[in-house]
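Values quoted throughout were computed directly from the atomic coordinates according to the rules given, and no laboratory measurement underlies them. Keep in mind that this is a model prediction, so the values were computed, not measured. All Cβ positions, even for glycine, are placed from backbone atoms using ideal geometry, and neighbour counts span all protein chains on display.
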Amino acid sequence: MKKIGLALAFSICCIGYSIGQGLTINELYYHAPEIQSSGIIRIKTDKAPHSPQECNVKAWIPGFPFRVSYVSGTVPRVSAKFKKPTSNENSEEGCEIPDNNTLYARGEVYINNILRFKLPSKVLTASCEYLPTNFQDPNTGADAGFEKYLVQYIPEIKIKWKYTSNPQDENSWMDAGESINRMYLVHQTPITGSPGKGEETSFYLTSIDISCNSALGKGRNGSGNPVPDEVASTIYDAFRGRCVKKFGSNNCMMYWGPNAPNCLDISDLLLFEDASCDEWASFYNDMLRIHGLTSSVVVVVYQDYQDNRGVLNSVSEIFLNLDVELFFGDEAPKVSYNMLGNKIQSAIYVKNWMFNSSDRFYRDLDFEDPSTITVPYAPGMTASIHGAEIDGLPAQGITNPHSIFTNHAIVSYHNSSGQTEYYDPSYGTPVSGSYANANAWESASMAGYGTVIKYKKIPVQEEYEVMWVFEREADNQTTQQTTFHD
């Protein structure tokens, strides 16, 4: 009898722990959908290296709501861990349900204080775990997800949890606390792998946050069909103001600021908050790939492109040599070229410059600067090379950026109508819409084409860099003068 009494007392004690002392939600996880394993996106911190997708994502612990991301239209799937309360608020006790006891848990999912989904009643494991379960429609009980194709950022998904030992008795369900998390929903299944000139899709927090907030509520028409062009355009709206901010930063990231030479990829752009055109183009292209848009690519623009290099063509070389002989005269032997193999490296000059129709040689100085180069091209005869710089096109985070390049990277996008459009993320142009063709981008962006030469003046032994302008964009805006390479 004494043993039976102890057993009975133990049983009563366990029931008292399970029900009377209560359970509290302690951890929340999201999982890949059952039907579409690629429907969950592992968000990387901006400093994280590339890593494989993981099967579950921690979404909440007490006091810390985390961010998760799914492909729109998929059914989110969650699991949870509960704990028993403790008198010491600074410590946690585990949770074990004794044998011969069964506890159940369920949840109601609220968005903007509106009940949107439910998590059905389910038996907890012996360690108080609610195993992976799909969101369900609160009325029908069918598996349910968010609207397909619609880009969203949901700042608060609140799940109100309850538990009981008698699920048939509605009055027996008791509060087990709330979990809160944030969620991004991308347009379609992301594109992975290497996109050629761009980088492998990154899934950085900044990329997902900017793109989802910029394209918020876009991507789906009234008939429920996808509108990818709308997503591409509205994501680019984040670049048009030329003040793109890394997640958690108050600084406008820069184009060709002091750290640009150290930037080699998107992670460096986010680290230094500064980059060249390659990284800015890859950054926008990466966002499109995150949203499943397959028709974009980073293209690199050259004055001319031969043998995988940006070099002057043979006609341009002839004119360059003639111009050097005529202008420098006796000083021509002191002129040298930047060579790529046996060819002369070409240059493109991004707006704005004070080029005129009569001069071919300029200095990279303000056009009002009195400092000029005097060239004694013949006995008793001199010529002058003046500055030509004026404030250039404003770019990301900077009003007057560097504007002499051997090439420039932009993004081409093949839209649903079969047309190829162009975007220039480094400059945030165009300020609305897109460039309808390559020539439209060129006319709006380029000032001229040529190469940068070196002139070593003797006896001062000072070497000057001099711009040679073979063609001005203003002289021929109807014909494309650059070469696009992807």
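How would the range 249-338 be classified by its alpha-carbon gyration tensor: rounded, prolate or oblate, with rounded meaning a/c under 1.5 and the a/b versus b/c comparison settling the rest?
oblate
Angle between the Cα long axis of helix 314-328 and the longest principal axis of the chain, 0 to 90 degrees, nearest 10?
Approximately 50 degrees, to the nearest 10.
What's the angle, to the nearest 10 degrees (0 to 90), between helix 205-214's Cα axis and the longest principal axis of the chain?
The answer is roughly 90 degrees.
Cα centroids of the range 107-172 and the range 266-337: how far apart, whole angstrom?
54
Just to verify a number: FRET efficiency for SER38 and THR140, C-beta to C-beta distance, R0 = 30 Å, to 0.05?
Rounded to the nearest 0.05, the efficiency is 0.70.
Say the dipole of the chain comes from +1 at the beta carbon of Lys and Arg and -1 at that of Asp and Glu; which of VAL231, ASN166, SER426 then lies farthest toward its positive end?
Highest projection toward the positive end goes to ASN166.
List the aspartates and glutamates whose alpha-carbon lies under 12 Å from that of LYS351, not counting same-chain residues fewer than 8 positions away?
GLU389, ASP391, GLU442, GLU473
Tell me which residues come under 5 Å, amide H to amide H, from LEU340 once H is placed; ignore anything under 5 positions away on its chain.
It is GLN345, by chain and number.
Which of ASP169, ASP137 has the fewest other C-beta atoms within 10 Å, and how do the rest follow up to the most? Before the final figure, lay out the partial values.
Working: ASP169 9, ASP137 13.
Arranged by neighbour count, lowest to highest, ASP169, ASP137 become ASP169, ASP137.
So what are the range 418-481's ellipsoid semi-axes, whole angstrom, largest first, if each one is the square root of 5 times an eigenvalue of the alpha-carbon gyration tensor?
35, 14, 8
Specify which labelled value, from (i) 223; (ii) 190; (iii) 316, agrees with volume of the Cα convex hull per residue in Å³ derived from the coordinates of the model shown.
Correct label is (ii).
Compute the angle between helix 277-290 and the longest alpha-carbon principal axis of the chain, please, reported from 0 to 90 degrees and rounded to the nearest 10.
Value to nearest ten degrees: 30.
Shape of the range 339-480 from its Cα gyration tensor (a ≥ b ≥ c, root eigenvalues): rounded if a/c is under 1.5, otherwise prolate when a/b > b/c, or oblate?
Verdict is prolate for the range 339-480.
To the nearest 20 debye, what charge dipole does the chain have about its Cα centre, counting +1 at the Cβ of each Lys and Arg and -1 at the Cβ of each Asp and Glu?
On the way: 38 positive and 56 negative charges, 447 e Å.
Charge dipole of the chain: 2140 debye, to the nearest 20.
I'd like to know which of SER416, ALA440, MET467 lies farthest towards the positive end of the charge dipole of the range 415-467, counting +1 on Cβ of Lys and Arg and -1 on Cβ of Asp and Glu.
MET467
5 Å is the cut-off here: which amide hydrogens, built 1.01 Å from N in the peptide plane, fall below it relative to PHE247, excluding neighbours closer than 5 in sequence?
THR206
Can you spot the lysines whose alpha carbon is less than 25 Å from LYS118's alpha carbon? Ignore those fewer than 8 places along the same chain.
Leaving aside lysines fewer than 8 places away in the same chain, those within reach of LYS118 are LYS58, LYS81, LYS83, LYS84, LYS148, LYS158, LYS160, LYS162.
In terms of the Cα gyration tensor, with a ≥ b ≥ c the square roots of its eigenvalues, is the range 138-234 rounded because a/c is under 1.5, prolate because a/b exceeds b/c, or oblate?
Numbers: a/c = 2.94, a/b = 2.12, b/c = 1.39.
It comes out prolate by the Cα gyration axes.
Measure out, as a whole number of angstrom, how far apart the alpha-carbon centroids of the range 217-231 and the range 395-462 sit.
Each part's Cα centre sits 31 Å from the other's.
D for the range 194-267, whole µm²/s, Stokes-Einstein with Kirkwood Rh over alpha-carbon pairs at 20 °C and 1.002 mPa s: what number?
150
Along the charge dipole of the range 257-392, which of ILE266, HIS291, SER346 sits closest to the positive end, that is, farthest toward it, with unit charges on the beta carbon of Lys, Arg, Asp and Glu (+1, +1, -1, -1)?
After comparing all options, I get SER346.
Counting only residues 5 or more places away or on other chains, whose amide H sits under 5 Å from the amide H of VAL68 once H atoms are built in the peptide plane?
ARG182, MET183, TYR184
Only counting other Cβ atoms within 10 Å, I'd like ASP424, ASP486, ASP229, ASP307 sorted with the fewest neighbours first.
ASP307, ASP486, ASP229, ASP424
Rounded to whole Hz and in sequence order, give me ³J(HN,Hα) for the range 56-69 from the Karplus expression 6.51 cos²θ - 1.76 cosθ + 1.60, θ = phi - 60°, writing x for Gly and Pro.
For the range 56-69, the Karplus-derived couplings read 9, 10, 5, 10, 6, 9, x, x, 9, x, 9, 10, 10, 9 Hz, x marking Gly and Pro.
Could you list ASP209, ASP359 in order of exposure, starting from the residue whose Cβ has the fewest other Cβ atoms within 10 Å?
ASP359, ASP209
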